[in-house]
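Notes follow the structure.
The values are calculated or read from the model by the stated rules, or taken from the named source; none is laboratory data. Predicted model, so just to flag it, every value in this text is computed and none were measured. Using ideal geometry, Cβ is built from the backbone for each residue, glycine included, and neighbour counts are taken over all protein chains shown. Accessible surface areas use protein heavy atoms only, side chains included; no ligands, DNA or RNA. Shrake-Rupley method; radii C 1.70, N 1.55, O 1.52, S 1.80 Å.
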Amino acid sequence: MDYRTKPILLGLLAITVVSLADAHVNTTSTAVGNCSSEASPCKEGIILPMWKPQGNLSRGDKIARATVYMVVLIYLFLGVSIIADRFMAAIEVITSKEKDIIVKRKDGTTQVVSVRIWNETVSNLTLMALGSSAPEILLSIIEVCGNNFDAGELGPGTIVGSAAFNLFIIIAICVLVVPKNEVRRIKHLRVFFITATWSIFAYLWLYFILSVNSYGVVDIWEAVLTFIFFPITVLTAYIADKKLLVYKFLSKKYAPGGRNITVPSDGKHDVELADGKVNPLTEEMIAHGGDQTDVQEFEEHKQDFVSILRELKKKHPNMDHKTLNEMAEYEVLNKGPKSRAFYRMQATRTLTGGGNVIKKAKLEKIADMIEEKPEIQHDDNCTRIFFQPSQYTVMENVGSFTVTVTREGGNLGQVCLVDYFTENGTATAGEDYIATSGTLKFLPYEKHKQFEVTVLDDDVFEEDEHFYIHLKNPRLQKANESYSSLANEVTLSQPSMATVMIIDDDHPGIFHFETSEMTVNENVGEAQVKVVRSSGARGTVKIPYFATDGKAKRGLDYELVGDHVIFENDQTEQFIKVRIIDDEEYEKSENFLLYLGEPILLKTSKGKKRREDEDEAKAAPDIDDVPDSGKPRLGDCNAISIHIKESQEFKSTVDKLMKKANVSNMVSTSSWREQFLEAVTVSSEQPGDENDLEEDIEAEEKLPSCLDYIMHFLTLFWKLIFACVPPTDYCGGWACFYVSVIGIGFLTAIIGDVASSFGCTIGLKDSITAISFVALGTSVPDTFASKVAAVNDRYADSSIGNVTGSNAVNVFLGIGIAWTIAAIYHASHGNKFYVNPGDLAMSVTVFCVMALLAIAIMMLRRLPVVGGELGGPTKLKYATAVVMIIFWLNYLVISSLVTYCYIPGF
């Protein structure tokens, strides 16, 4: 059954149940003490007038009116969900703002760490809780203000009833929906204990001020203190989250993960490496005044992105880079950690035919992830002449070789001329090469010209030498004036000088590395380390090599391919192959040393070979007569330090994902035009987290179903009305925040009138209407939001961890503000603020008992037999869900029996 039909079916089922209850109430008259079983009297609403006539209505009239009220109530709940969607989008934008912290490392380098300005715990207990509980809180405040500052039953009853529904039914659903053989644990367990304690204390406090301290009277100090408990709740939760005060002295436990992987342990999201040391970045951050938790969260999220990329690359080794990055970004956005505000919006938009919040169409391409160097721009009207290539390395016995000159651009149909000449370097004309000069003529459409240079050979050993070849005097050949007038400019372009290196071939050579240090990316696959042969190139020489570990370990980070290289006669360079093992670490910095062994002359240029039965370290007798000065030897640079760095492509991808993996970018709006287009557009339920990622990327967008169209057109009125709310990009989201609160308050006032009229029509008291229908209606979006969070999140915080915090906030804000206003008003008129404690006190007591049992059960589920608050073995899942549902039913039944005088209240 599609969950979008559940609210309608629940409404129809409720009408039937209430009709039966009404028949029972009409035929039963019971009194316990001063209790009365009479239904709440029908009265004028705060906004809506009373539906007249009220007396002498037939059963058919009552059912008809009840049906109308129920339909209107459901429609109003949909409207509240849609405006709350805008409200949540504003909260997501506000709380997701980040700041950059510059971390200075011990080596002097810096690292920029992006952390959220809003602490997660503070945002969950303030704006997030206010967003999910705004209807209940505003209903309580509006009811008091609309009833001439007298206490009502609908507002407080909705708060307590919503708390019961959230704690029992939401937990039951979340326990069941977790996939088979999986569990979800609460990550911030300390915060959960604090908020759970406050949530139970909040209702015990209500009982104390209503039934113990001053029966049925709420004094100003009691009401004000109720409100003050709200910031105290936030403060204590923040202290628990940051491990301040007493928490600083508690021992810390870490759970080691894989190699250099940061892993949280039992809700203690402390970052630690596999060797038992805290992440160096975290240590440096703390040393420079940073916040440990912020850096730990940054590191943890970064490792999440790294893990996603690793898994995708292993699963699709041959996939092109662009598609792989698109899939990685989609998975980061789709499966990454999200706030409760996001899940609330996801539930509302899917319910109303708006599709998933995250859509493939909104994912930006990541083709620009690797920044390309800007190409040098040239004037196409100018002909450019230059050497190509500009470096030549030749053997002394090469004789003659050709040098190439190229022209580009301009009018290739014209004839160009350019002069060239040689210049001495360490090589001398007449001794090492033959000086040459001349003029090159480019015929029409001829792009390349060549000329020869001759190198002189001798039998004298000497160092490698070089000389230069220059271009000068580029010009056009002017055949006639008319042709010349159409000719374009011609100029020399870089490189206009070529360097010729002459390698002496009269000595076996000196062997060495080009540099003493080399940096390679970990994803290079196979690195080639260049070995150079200089000052001679005669004979075949074997060069052994070996490596010693530094921070990089052989077999884990690198492997040598072979143990020697061989230089053939006249060969001046060779490459040592090193296989780099890619474990895709972020900010990897490891090194090892590569050494050259003593050269071994295998064969001279005259063809003498080493005897194979001799030890390789000794020279064969037939070449033992080679003097020491004529043997190959190592140069000064015979060792190289190879640094393995993280792949710049991989690091760039992770950095870009971390910047773009902000859900607020998906839910924010920048203009009213965008909001109205979104309002009139019906979307299907896009492939989501439950489908395979490849199918999500490759599948075409599904056409909206019939139910999508029905829900869209049913809610189109609300969508168009609330598209007028300021976009979230205005004033940092605060403009949308305040306007949305006004919209929620207006709809809540109407809901209070309709709910009260509904209750009096079918014979229900406002208190029972509040804890059942109104509480159910305001909690449906949160229910489905928690369901999605339970399935997709690794932890249970977004699904059930925030329930206790929201319950405490409901009381401290909803009842605290309302009763403070009323108490001050009555005190200013010399009166006392009276609140009937009977029904509410009993309801609070029953809820507290059931809540303690429910929390105890959730903590017992953390034992190894289950392993977490949600999920686990199938039998235990169903057993937990059944117990939670029984708790909720018991709460409703006992509260109803007290209200209708079957059992006495307090």
A correct Stokes-Einstein calculation for the stretch 526-595, using the alpha-carbon Kirkwood radius, 4 °C and 1.567 mPa s, returns a whole-number D in µm² s⁻¹ of 96
Extension length gain for ARG633 and LEU860 (0.36 nm per residue less Cα distance), in nm, is 74.3 nm
For ILE721 and ALA64, extending 7 Å from Cα along the Cα-Cβ vector and measuring point to point gives, in nm, a value of 2.6
Sorted list, accessible surface of protein heavy atoms, 1.4 Å probe, largest first, for TRP205, TRP888, TRP221, TRP672 is TRP221, TRP672, TRP888, TRP205
Full extension between LYS99 and GLU674 adds, at 0.36 nm per residue less the Cα distance, a length in nm of 204.3 nm
With every protein chain in place, the accessible area of MET518 for a 1.4 Å probe, in Å² rounded to the nearest 10, comes to 50
Taking only protein heavy atoms and a 1.4 Å probe, the highest-to-lowest accessible-area order of LYS542, LYS603 is LYS603, LYS542
In whole angstrom, largest first, the equivalent ellipsoid semi-axes that the Cα gyration tensor gives for the stretch 765-810 are 25, 12, 5
Once amide hydrogens are built 1.01 Å from N within the peptide plane, the residues lying 5 or more places from THR393 or on another chain with amide H under 5 Å from its amide H are MET501
Taking R0 as 41 Å and r as the Cβ-Cβ distance between ARG475 and ILE566, the FRET efficiency 1/(1 + (r/R0)^6), rounded to the nearest 0.05, comes to 0.25
Here the gain from full extension of SER589 to TYR75, 0.36 nm per residue of separation minus their alpha-carbon distance, amounts to 179.1 nm
One point scatterer per Cα, no solvent, Debye formula: log10 I(q)/I(0) for the stretch 50-91 at q = 0.25, 0.26 Å⁻¹ comes out as -0.83, -0.86
For ASN147, placing the label point 7 angstrom along Cα-to-beta-carbon and taking the stretch 805-840, residues whose amide nitrogen sits under 16 Å are 814-826, 832-840
Largest-first ranking of CYS724, CYS42 by accessible area, probe 1.4 Å, whole protein assembly kept, is CYS724, CYS42
In whole angstrom, the spacing between the Cα centers of the stretch 726-762 and the stretch 525-565 equals 73
Distance in Å, no decimals, from the C-alpha centre of the stretch 885-901 to the one of the stretch 826-878 is 14
Semi-axes of the stretch 772-863 from the Cα gyration tensor (sqrt of 5 times each eigenvalue, largest first, whole Å) come to 34, 16, 12
Rounded to the nearest 10 Å², the 1.4 Å probe accessible area of LYS765 is 30
The simple spin-label model distance between ASN890 and TYR445, using points 7 Å out along Cα→Cβ, in nm, is 9.6
Measure of exposure for LEU176: accessible area at 1.4 Å probe, Å² rounded to 10, is 60
